[in-house]
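The values are calculated or read from the model by the stated rules, or taken from the named source; none is laboratory data. Note that the structure is predicted; figures quoted are calculated from it, not measured. Positions of Cβ are generated from backbone atoms using ideal geometry, with glycine treated the same way; all protein chains shown enter the neighbour counts. Side chains are part of the model used for accessible areas, which takes the heavy atoms of the whole protein and leaves out ligands, DNA and RNA. Shrake-Rupley method; radii C 1.70, N 1.55, O 1.52, S 1.80 Å.
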Amino acid sequence: MSGATVIDRDHRPAAPLPDAERLAELQHLAAGRDARGILELALKEAFAARAAVVSSFGAESAVLLHLVASVDATTPILFLNTGKLFGETLRYRDRLQDQLGLCDIRSIGPHPDDRLQCDPDGTLWSRSTDACCAFRKVVPLRRALSGLAAQITGRKRFQTGPRAAMALVESFEGRVRFNPLAEWSQHDLEAYAAKYELPAHPLVEDGYPSIGCLPCTRRVAAGEGYRDGRWAGLDKDECGIHTGLDGDGI
Ligand code: SF4
């Protein structure tokens, strides 16, 4: 670990947790709905104008974004631009914005002072991926979400072990979190993308089934797992944005 200190300068006190009764009610309302129905619950019924989608514009992002656009194209889309992304991802974001008609994509990133203090030469990822993800992803996302009551993710249960038991609706850091694609398989995603002719991230056909920052993503060889190209060689499969600063994210 490097000695870099993550400054949560924009951290505001967490909102009170949604009470158990309210959470149970939302879980009951979500049960039996398809992904679009869960998005309607979040964006139209329970949290109109108080929810945002978190998207990496990665390999599977087009499906959730297409569904969101079909419900409300003005939904805020929080896009974590860490400063370490592939150029292909930035161009893919612009293509999806135009093609899906998304009109409120918010590009968020680390505070310049944090960048100067934590990672002046831009190589922190090579010494501590946890510290790098914390100041480039976790803190900026926490800042962007403050003031919102709910967030929507594109996480799926099949992606990682810790996600296997994820609920459709849960509470996280004082907000309600909706996971409308939790039950989807890789086949479901591919079938949906084919049905609506959604453009693929350009790196997928180049051997990247899961795409994050350039220094921490490599191609996956035949026989390797779906996310083996993320933080390869490290005991890490989450960036922390879904688990808190101490957690084990996109
Ligand atoms: S994925 Fe790598 S480069 Fe991106 S924020 Fe995390 S450690 Fe830094």
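Within segment 103-115, is there a residue that is within 14 Å of the ligand (Cβ to nearest atom) and touching a Cys at 6+ places or on another chain (Cβ under 9 Å)?
yes
Out of the residues in segment 200-250 that are at pLDDT 90 or above and within 13 Å of the ligand (Cβ to nearest atom), which is nearest to Val63 (Cα to Cα)?
In this case the residue turns out to be Ile211.
How do the helices (runs of 4 or more DSSP H) wholly within segment 8-122 filter down when requiring 3 or more residues that are under 24 Å from Tyr192 (Cβ atoms) and among the acidic types (Asp, Glu): which remain?
Correct list: 87-100.
Which residues, taken from segment 130-144, are under 15 Å from Gly212 (Cα atoms) and either in a loop (DSSP other than H, G, I, E, B) or open to solvent by less than 20 Å² (accessible area, probe 1.4 Å) (or both)?
Listed by number, the residues that qualify are Cys132, Cys133, Ala134, Arg136, Lys137, Val138.
Pull up segment 93-123, narrow it to residues that are out of contact with any Phe, Trp or Tyr (no Cβ under 6 Å at 6 or more places or on another chain) and of a type in the set (S, T, N, Q), then point me to the one that is least open to solvent (accessible area, probe 1.4 Å).
Thr123
Might you let me know whether segment 163-183 holds any residue that is under 21 Å from Leu96 (Cβ atoms) and within 16 Å of the ligand (Cβ to nearest atom)?
Within segment 163-183, not a single residue is under 21 Å from Leu96 (Cβ atoms) and within 16 Å of the ligand (Cβ to nearest atom).
Tell me which residues, restricted to segment 168-194, are surrounded by 15 or more Cβ atoms within 10 Å (Cβ to Cβ) and among the hydrophobic types (A, V, I, L, M, F, W, C).
Within segment 168-194, Leu168, Val169, Phe172, Val176, Phe178, Leu181, Ala182, Trp184, Leu189, Ala193 qualify.
Read through the list (1) in a helix (DSSP H, G or I); (2) under 29 Å from Asp104 (Cβ atoms); (3) out of contact with any His (no Cβ under 9 Å at 6 or more places or on another chain), then give the number of the only condition that His187 fails.
All conditions are met except number (2).
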